[in-house]
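Encoded as structure tokens, the structure appears first; notes follow it.
The values are calculated or read from the model by the stated rules, or taken from the named source; none is laboratory data. Worth saying up front: this structure is predicted, and the values here are computed from it rather than measured. Here Cβ is always computed from backbone atoms with ideal geometry, including for glycine, and neighbour counts include all displayed protein chains.
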């Protein structure tokens with residue numbers, strides 16, 4: 001059960017445009033933002049960061065950025081964000097088959113060598129203590145440009161904020177991410193934890 005209840009989306013009318021961004025990304029306004037709206041400036045700031053990290057002119061595929069978010073959330077242990085990021089990945093063009101193979105990314109033909117390295121990087125960057133080392137950066141630079149590495153780390157950092165927020169608030173999972181978590185993530189031990 002959430003430590004603070006989400007407020008209705010119409011509680012703060014000046015956030016309607018901000019909430020619309022997330023409706024386009026996820027198909028709904030997440031409970032995290034409905035809780036966060038108690039301080040509207042935080043929602044607005046988070047929305048601006050989201051627009052910058054998940055920009056339409058990204059050099060890294062937007063669906064793949066959501067897989068990056070999944071892996072850094074897995075490292076952080078935020079089961080809310082693990083499920084949310086996969087919903088967003090599918091909405092942004094990642095096939096359901098590829099999402100279903102998420103636990104087998106190191107061996108599945110659905111993942112390229114560049115994607116495998118980036119997902120390893122997301123796990124390392126999302127870990128505490130941080131596990132990004134020189135050898136991993138050498139591998140990253142073999143597959144990704146400096147601009148793309150900045151974008152990938154931007155996705156990790158964006159979700160780092162969400163990981164802390166949602167785990168600290170025990171944010172309740174909405175139905176669609178919960179269903180995807182049960183279908184795909186439960187195979188690897190995901191339960192929804194404090195978020196269900």
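Answer yes or no: is there a residue in region 58-71 that is at pLDDT below 95, closer than 29 Å to residue 4 by Cβ, assigned to a helix (DSSP H, G or I) and in the same structural domain as residue 140 (by TED's automatic domain parsing). No, region 58-71 contains no residue that is at pLDDT below 95, closer than 29 Å to residue 4 by Cβ, assigned to a helix (DSSP H, G or I) and in the same structural domain as residue 140 (by TED's automatic domain parsing). Yes or no: residue 138 without any contact (Cβ under 8 Å) to a residue 24 or more places away in the chain, in a loop (DSSP other than H, G, I, E, B), assigned by TED's automatic domain parsing to the domain that holds residue 82 and over 29 Å from residue 36 (Cα atoms)? Considered against the rule, which asks whether it is without any contact (Cβ under 8 Å) to a residue 24 or more places away in the chain, in a loop (DSSP other than H, G, I, E, B), assigned by TED's automatic domain parsing to the domain that holds residue 82 and over 29 Å from residue 36 (Cα atoms), residue 138 comes out as no. Counting the residues of region 78-121 that are more than 19 Å from residue 27 (Cβ to Cβ), out of contact with any helix residue (DSSP H, G or I) (no Cβ under 7 Å at 6 or more places or on another chain) and in a loop (DSSP other than H, G, I, E, B) gives 6.
Filtered by the rule that a residue be outside any helix (DSSP H, G or I) and surrounded by 14 or more Cβ atoms within 10 Å (Cβ to Cβ), region 28-53 gives 28, 29, 30, 37.
Against the criterion of being on the phi < 0 side of the Ramachandran plot and in the same structural domain as residue 96 (by TED's automatic domain parsing), residue 196 does not qualify.
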